[in-house]
């Protein structure tokens with residue numbers, strides 16, 4: 001279709017530039033109220049290209065529309081005196097080849113029709129297109145006049161055709177016969193629909209003025225003007241005699257096509273522009289919220305790194321403080337309690353010295369092993385629990401790609417010839433191996449010969465026969481052996497315990513520091529990613545603000 005109007009060309013350029021401006025944008029449904037902004041621009045392009053400035057000439061039946069239009073055409077081309085039931089909307093289009101095309105209710109077109117054909121099939125038609133080789137029609141292009149059926153036509157499908165033109169008309173011309181004296185209610189109702197519901201402009205003219213005295217015409221004109229005030233009509237009411245086609249031509253030519261075309265689209269384009277800006281602003285606000293979240297996340301990470309480093313130092317200091325003299329005193333008391341609990345049994349072995357010696361060694365060794373194991377397990381568990389709390393507390397508020405399982409501990413000890421084998425299963429990235437078994441084994445390995453020596457020294461002494469050997473044995477165990485065992489535990493074994501458990505804690509503290517540093521490194525990487533993400537968000541926000549500025553510029557340039 002040929003682009004004839006500058007406004008039409010201008011609007012097409014505007015839509016094209018808007019499409020270029022938002023080409024790289026992706027809109028979410030919630031951003032645009034479930035409207036496809038880009039698809040809407042494509043539809044607007046089609047509408048602007050195909051828009052026809054249709055001017056329906058409407059009025060009551062026998063208002064003289066067809067007669068006036070025939071006068072305008074300079075030749076009787078339109079039939080008159082057709083009954084209301086056979087009235088059909090007729091579009092008048094300039095063309096080199098004269099012909100008539102009928103359009104039924106389904107939009108099917110049939111060419112080369114005559115007016116007799118139209119009369120016979122009027123009830124099934126939506127409208128007709130009358131192509132005429134007429135200079136007056138060419139002079140008013142791109143305006144297309146439409147001779148409409150009367151509003152008082154009783155045939156419902158004709159009223160539907162009128163409703164169709166309500167949508168696609170660019171401007172309405174209402175004609176009313178001077179013979180009516182006032183504007184009929186049916187015409188006023190349609191004016192209300194045109195202005196209120198379809199937001200269309202209209203002009204008004206009085207026909208057949210040559211059939212009444214001029215004074216009467218002026219009175220009617222004044223009366224009708226008062227009626228039209230209710231519809232915000234502030235234009236001049238035109239008057240037409242039956243044969244005043246030239247007046248109609250001048251009147252139609254006074255309708256400015258450029259202004260009329262602008263009226264058809266400018267509001268729609270402004271609304272679309274505003275909708276686009278709102279959608280983009282919604283994206284900006286979303287990005288700004290994300291940016292604020294990133295800033296807060298960065299702050300949280302920085303604070304957690306600092307807190308984590310401080311907590312790590314506190315944890316290590318705490319672990320080291322767990323080894324003190326009260327440990328060995330408590331262990332010693334428990335070992336001696338176990339020894340005393342078996343004193344009667346041990347005394348009963350006075351007749352089997354080797355067995356008694358081995359039982360003493362085994363009792364003390366087993367008890368020492370048990371309580372050392374218990375204490376080291378407690379330290380190990382304390383380390384695991386504190387590490388778990390430290391890690392989870394540090395990671396709890398951060399959106400990082402780590403998946404830490406709950407830390408659980410399951411430690412089993414197997415004894416074989418005084419060699420302790422320990423299996424430690426700590427589900428954590430921090431404590432992969434706790435050398436508890438090595439530490440315990442080393443203490444017992446050193447302690448056992450000491451205890452064994454004590455019992456050997458005891459049984460190397462010559463024991464004089466007494467009447468009550470068992471009581472003698474018991475007294476000796478309580479009075480001589482027990483104090484020596486306690487002394488050795490408090491002395492040499494205590495020293496070994498402190499040294500080995502200190503090494504045990506030191507090794508795991510070092511491991512703790514290493515693994516904590518890995519987490520801090522992960523925090524740091526996440527921090528860098530968040531910083532980069534923030535930079536990307538700020539660039540995107542800047543880009544969107546630029547697009548809003550461009551849309552405002554296009555609006556000012558093309559739509560104002």
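Quick note: the coordinates plus some simple rules give every number you see, no bench work behind them. Keep in mind that what you see is a predicted model, and the values were worked out from it rather than measured. Counting neighbours? That spans all protein chains shown, and the Cβs are built from the backbone with ideal geometry, glycine included.
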Distance in nm between label sites at residue 250 and residue 542, each 7 Å beyond Cα in the beta-carbon direction? 6.3
When a/c reaches 1.5 or more, the comparison of a/b and b/c decides; with that in mind, is region 215-305 rounded, prolate or oblate per its Cα gyration tensor? prolate
With a ≥ b ≥ c the root eigenvalues of the C-alpha gyration tensor of region 172-265, is it rounded (a/c under 1.5), prolate (a/b larger than b/c) or oblate? oblate
What's the ranking of 8-21, 345-358 by average number of surrounding C-beta atoms within 10 Å, highest first? 8-21, 345-358
From the square roots a ≥ b ≥ c of the eigenvalues of the alpha-carbon gyration tensor of region 485-560, which class results: rounded (a/c under 1.5), prolate (a/b over b/c), or oblate? prolate
From Cα pairs below 8 angstrom and at least 6 apart in sequence, can you work out the relative contact order of region 52-255, rounded to a whole percent? 29
How do the peptides 184-195, 104-115, 495-506, 223-234 rank, highest first, by the average count of neighbouring beta carbon atoms within 10 Å per residue? 495-506, 184-195, 223-234, 104-115
From fewest to most C-beta neighbours within 10 Å, the residues 216, 165 line up as 216, 165
Nearest 0.05, what FRET efficiency do residue 471 and residue 329 give at R0 = 22 Å with Cβ-Cβ as r? 0.15
For region 41-77 and region 234-306, what is the separation of their C-alpha centers, rounded to whole Å? 28
How much FRET efficiency would the formula 1/(1 + (r/R0)^6) give for residue 533 and residue 498, where r is the Cβ-Cβ distance and R0 is 41 Å, rounded to 0.05? 0.20
Considering Cα pairs under 8 angstrom that are at least six residues apart, work out the relative contact order of region 185-291 and quote it in whole percent. 26
Would you list 127, 259 from fewest to most Cβ contacts within 10 Å? 259, 127
Separation of region 519-560 and region 172-215 by C-alpha centroid, Å? 57
Inter-label distance, nm, simple model (7 Å from Cα along the C-beta direction), residue 366/residue 307: 4.9
At 0.36 nm per residue, minus the direct Cα-Cα distance, what do residue 19 and residue 296 gain on full extension? Give it in nm, one decimal, please. 96.1 nm
Could you tell me what percent of the DSSP beta bridges with both partners in region 52-255 are antiparallel, to the nearest 5? 30
Where labels lie 7 Å past Cα in the beta-carbon direction, separation of residue 234 and residue 553 in nm: 3.6
